[in-house]
Amino acid sequence: MTTTKAKLTTLDMVTIAFFAVLIAVCAWISLPAAVPFTLQTFGVLCALGLLGGRKSTLAILVYLLLGAIGIPVFSGFRGGLGVLLGTTGGYLLGFLCAALLYWLITALLGDKPWTRIAGMLAGLVIAYVFGTAWFMVVYARTTGPIGLSTALSWCVLPFVIPEIVKTALAILIVRTIPKRVKTFR
């Protein structure tokens, strides 16, 4: 990798900031539940597919850091370490895992349309796995232990159909925008 390629341009920093804000706005569009139904995963998937692994990882990291210092970027206009360390914090941190996995998949298999889609899907799965495991641990410490089937029925199953819709829409956007906007790809 050349030195110039490793540096972020001004345009890179602007797009990273834009997607951090997009994820925050998507988080504010929320229906309350044990794990709130938001459009965050849609924003994350769009960032993955449009920015690539490195820049989407940075966008998600900026988003998480903004929330960690107390800026209300998470669902329900919440912010702070308490949210990240709470029962639903694993899903937020799972977004970072998703970006890292996406980055790995596209780095190993190439940045082709099918690898982007596979990376987005794998990232979504890892975010849910990480988030559900985190939910079970934190819930057990604060309320009492629950089984995997209960955690899945609360935190995953109600969101399967909405996630399919959000993922399909994100894939459509990721396939369409680069054809019309030079900045992406």
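The values are calculated or read from the model by the stated rules, or taken from the named source; none is laboratory data. Only a predicted model underlies this, so the values are computations on that prediction, with no experimental measurement involved. Positions of Cβ are generated from backbone atoms using ideal geometry, with glycine treated the same way; all protein chains shown enter the neighbour counts.
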With Leu92, Leu85 as the choices, which residue is within 18 Å of Val129 (Cα to Cα) and either surrounded by fewer than 14 Cβ atoms within 10 Å (Cβ to Cβ) or in contact (Cβ under 8 Å) with a residue 60 or more places away in the chain (or both)? Leu85
Would you please list the contacts, defined by Cβ atoms under 9 Å and residues six or more apart or on different chains, that run from a residue in segment 40-69 that is outside any helix (DSSP H, G or I) to a residue that is of a type outside the set (D, E, K, R)? Ile69/Gly79; Ile69/Gly80; Ile69/Leu81
If we scan segment 30-48, do we find a residue that is polar (S, T, N, Q) and more than 10 Å from the chain's Cα centre (by Cα)? yes
Filtered residue count, segment 141-185, keeping only those that are basic (Lys, Arg) and within 22 Å of the chain's Cα centre (by Cα): 3
With the requirement that a residue be aliphatic (A, V, I, L, M) and touching a residue at least 24 places away in the same chain (Cβ under 8 Å), what does segment 72-82 give you? Val73
Does Gly76 satisfy the criteria of being at positive phi and in a loop (DSSP other than H, G, I, E, B)? no
For segment 1-38, which positions are in a helix (DSSP H, G or I), at pLDDT 85 or above, among the β-branched types (Val, Ile, Thr) and farther than 30 Å from Ser153 by Cα? Thr10, Val14, Thr15, Ile16, Val21
Lone qualifier among Leu100, Leu50 - being surrounded by fewer than 22 Cβ atoms within 10 Å (Cβ to Cβ) and under 17 Å from Ala20 (Cα atoms): Leu100
Just to be sure I understand the filter: pairs with C-beta atoms under 8 Å, separated by 6 or more residues or on different chains, first member in segment 165-185 and more than 16 Å from Tyr102 (Cβ to Cβ), second member loosely packed, with under 15 Cβ neighbours inside 10 Å and among the aliphatic types (A, V, I, L, M). Which pairs pass? Thr183/Leu11
Are any residues in segment 106-140 buried (at least 19 other Cβ atoms within 10 Å of the Cβ), more than 16 Å from Leu64 (Cβ to Cβ) and under 16 Å from the mean Cα position of the chain (by Cα), and if so, which ones? Arg116, Gly119, Met120, Leu124, Tyr128, Thr132
Between Leu50, Leu45, Leu101, Leu92, which is in contact with a Lys or Arg (Cβ under 9 Å, 6 or more places away or on another chain) and either closer than 22 Å to Leu152 by Cβ or modelled with pLDDT under 95 (or both)? Leu45
Top-ranked residue of segment 105-146 - restricted to ones that are outside any loop (DSSP other than H, G, I, E, B) and among the hydroxyl-bearing types (Ser, Thr, Tyr), ranked as farthest from Leu84 (Cα to Cα): Thr115
